[in-house]
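Taken together, the values in this text are just the output of simple stated rules run on the coordinates, not laboratory data. The model shown is predicted, which means the values in this text are computed figures rather than measured ones. Note that each Cβ is placed from the backbone with ideal geometry, even for glycine, and that neighbours are counted across all protein chains shown.
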Amino acid sequence: MVDLFLFLLDSRIPETSLQLAEPYLSRMNRVYVLTKADLADPEVTYHWVKKFGTQGSPAFAVESNTGRGVDDLIAYLEAQQASISDRAHPEAIARPLRTMLFGLPNVGKSSLANRLLGTSKAAFGARPGLTRGSHWLRRGLLEILDTPGVIDTSQAKGEVLYKLAATWAVRDNQYDEEEVAFWLAKEVFDKPDPVSFITGFGRSRGFLGPGGQVDFGRASKSFIQCFREGKFGRISIEKPDTQ
Ligand SMILES: Nc1nc2c(ncn2[C@@H]2O[C@H](COP(=O)(O)OP(=O)(O)OP(=O)(O)O)[C@@H](O)[C@H]2O)c(=O)[nH]1
Ligand SMILES: [Mg+2]
C-alpha cells in the first residue's frame, strides 16, 4: 500500500528516535526526515543528514513550523512520484505516490503532513498522543498516511526516557520532572552541580515556596519546558560519532 516510508527523527535525538522506531519498519524505501531542526544545532544536524546519506538513505532536515527545508523534500517526493509512474505503467495515467509518516509521538508528523500538502487538515499540537488513528490525506499526486505516534515508549527508562522527556515524546506522567531536569543540567548543559544550577534557575524566575525557598519541582518543570521550546538556544543532545 505504501511506496515510501518517511521516518521522522527528532533532530535533537536522531539516534534514540531511530532505535525505538526501527523494529516497526522494513529497510525498504526509507527516507529519514530530521524534524524540528530549528531546535537543534545546525552543524550537528548537517552531519546527521550526511551520515544517513552515506548509509544509503536519503535524509532531509525540516522545520515544519516555518517550512524551511520542506521544499527539498517535496522536490524529492515529486521525483519519486514521476519514477513510480514511469516504471509501472508507462502508458497509464500517473498515479499518486503513497507515503507513510512514521515516528515517535510529538515528533512533528501531522505538522509535516500539513506542510507537504499545503493544508491544515491534520490536527497537530504541543502534547504527545494527539493524532488518533491513521488518516490518508491527498493533494494532487501525493498521498500521505499520517499515523499516530504508535511507537511503544512505555518501557523506556534511564537515559532513553530522559531524552524522550526532554523532547516531549512521552506524556508528563511517564517521568519524574526533577530527575529529567537533573539529567539535562548534568549531561546536556555540563553542570557539575545540577542541583544548585536548577535552584539558581528557579530563583532567577521567582519560583519561591513558603519561607523563600526555591520550589525545586516548579523550577525543574520550567527548566525542561524552556529546553523544549529552544529558549536556551539550538541544542543537539545526540551527535553522530563521525563528527
Ligand atoms: N519548533 C518546532 N516545533 C515543531 C516543528 N514541527 C512541529 N512542531 C511542534 O511540535 C508539536 C507536535 O507536532 P505534531 O505535528 O502534532 O506531532 P505528531 O508527531 O503528529 O504528534 P502525535 O500525533 O501526537 O504523535 C506541535 O506543537 C508542533 O507545533 C518544528 O519544525 N519546529
Ligand atoms: Mg499527529
Each residue of the range 8-17 in turn: what ³J(HN,Hα) in whole Hz from Karplus with 6.51, -1.76, 1.60 and θ = phi - 60°, glycine and Pro shown as x? 7, 10, 5, 4, 7, 9, x, 5, 5, 4
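Please identify every one of the chymotrypsin sites (Phe, Trp or Tyr not before Pro) in the range 157-239 that sits in a loop by DSSP and has no more than 16 other beta carbons within 10 Å of its own beta carbon.
Answer in residue order: 189, 232.
Is the shape of the chain rounded, prolate or oblate, going by the alpha carbon gyration tensor and its root eigenvalues a ≥ b ≥ c, with a/c under 1.5 for rounded and a/b larger than b/c for prolate? Let's see the in-between values first.
On the way: a/c = 2.53, a/b = 2.15, b/c = 1.18.
Note, shape of the chain comes out prolate.
Considering only DSSP states other than H, G, I, E and B, which GluC sites (Glu not before Pro) in the range 25-131 qualify as loop sites with at most 16 other Cβ atoms within 10 Å? Provide the component values of the computation, followed by the final result.
Values: sites: 43, 63, 78, 91; in loops: 63, 91.
Of the GluC sites (Glu not before Pro), the ones in loops of the range 25-131 whose Cβ has at most 16 other Cβ atoms within 10 Å are 91.
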On C-alpha positions alone, give me the angle between the axis of helix 42-54 and the longest principal axis of the chain, in degrees, nearest 10. 40 degrees
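Using helices alone, what [θ] at 222 nm do you get for the chain, with -39,500 (n - 2.57) per DSSP H run of 4 or more residues, divided over all residues and rounded to the nearest 500? Don't jump to the answer; show the numbers that get you there.
Working: 8 runs with 90 residues, N = 243.
Helices in the chain give a 222 nm mean residue ellipticity of -11500 deg cm²/dmol.
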So who's got an amide H within less than 5 Å of the one on residue 103, skipping anything under 5 residues away but keeping other chains? H placed 1.01 Å off N, in plane. 8, 150
Using 1/(1 + (r/R0)^6) with R0 = 41 angstrom and r between the beta carbons of residue 191 and residue 141, what's the FRET efficiency to the nearest 0.05? 0.20
Where a Cα-Cα gap under 19 Å defines reach, which aspartates and glutamates qualify for residue 221, not counting those fewer than 8 residues away within the same chain? 159, 172, 176, 177, 178, 179, 187, 190, 193, 229
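Counting other C-beta atoms within 10 Å, and keeping those with at most 14, which DSSP coil trypsin sites (Lys or Arg not before Pro) do you find in the range 58-144? Before the final figure, lay out each step's value.
Numbers: sites: 68, 87, 98, 109, 115, 121, 132, 138, 139; in loops: 68, 121, 132.
Answer in residue order: 68, 132.
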Find how many whole Å separate the alpha carbon centroid of the range 9-77 from the alpha carbon centroid of the range 99-127. 14 Å
